[in-house]
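Take a look at the structure below.
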Amino acid sequence: MTKTTVFPVIHSNGNSAESLQTEYLEAYRMGLEFKESFYKIDFHMRNYYPLGEKLMIDASESRQEVIKQINNVQDYLLEHLKHLATEIDSEISKKKSKL
């Protein structure tokens, strides 16, 4: 991703790391399902050639841009999941050290 991702801060007045992890994981899974469905769309140049070569190329480039955006969303969700896993590990370590 080109911009720095800002992650949520886990604290006593906010959502728990576990709650956020569940929500981000659900979104990630749904994103994978969407991505799979999108790839199943029969994108074939035979559906575009009557428009001319330039528009066929435009259609292909447009589809590639959508795929890039889908991948960006998946990357965003995955980065949050990694962050939250680290936060959960940190919370567990803190609790163990108090024992």
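Is at least one residue of region 9-28 under 17 Å from residue 72 (Cα atoms), at pLDDT 90 or above and small (Gly, Ala, Ser)?
Quick first cut of region 9-28, residues under 17 Å from residue 72 (Cα atoms) only: 24-28.
Now restrict to residues that are at pLDDT 90 or above: 24-28.
So of that shortlist, the ones also small (Gly, Ala, Ser) come out as 27.
Yes, the conditions are met somewhere in region 9-28.
I'm trying to understand the selection: among the residues of region 43-87, which are over 30 Å from residue 16 (Cα atoms) and under 18 Å from the mean Cα position of the chain (by Cα)?
63, 64, 65, 66, 67, 68
Which residues, taken from region 2-40, are hydrophobic (A, V, I, L, M, F, W, C), in a loop (DSSP other than H, G, I, E, B) and in contact with a helix residue (DSSP H, G or I) (Cβ under 6 Å, 6 or more places away or on another chain)?
7, 10, listed by residue number.
For region 41-96, enumerate the residues that are assigned to a loop (DSSP other than H, G, I, E, B) and among the small types (Gly, Ala, Ser).
Once the filter is applied, which keeps residues that are assigned to a loop (DSSP other than H, G, I, E, B) and among the small types (Gly, Ala, Ser), region 41-96 yields only 52.
Take the residues in region 12-36 that are without any contact (Cβ under 8 Å) to a residue 24 or more places away in the chain and of a type in the set (S, T, N, Q), then tell me which one is surrounded by the most Cβ atoms within 10 Å (Cβ to Cβ).
Among those residues, the one meeting the criterion is 16.
The values are calculated or read from the model by the stated rules, or taken from the named source; none is laboratory data. Predicted, not measured: the structure shown is a model, and the values here were computed from it. Every residue, glycine among them, receives a Cβ derived from its backbone with ideal geometry; neighbour counts consider all protein chains shown.
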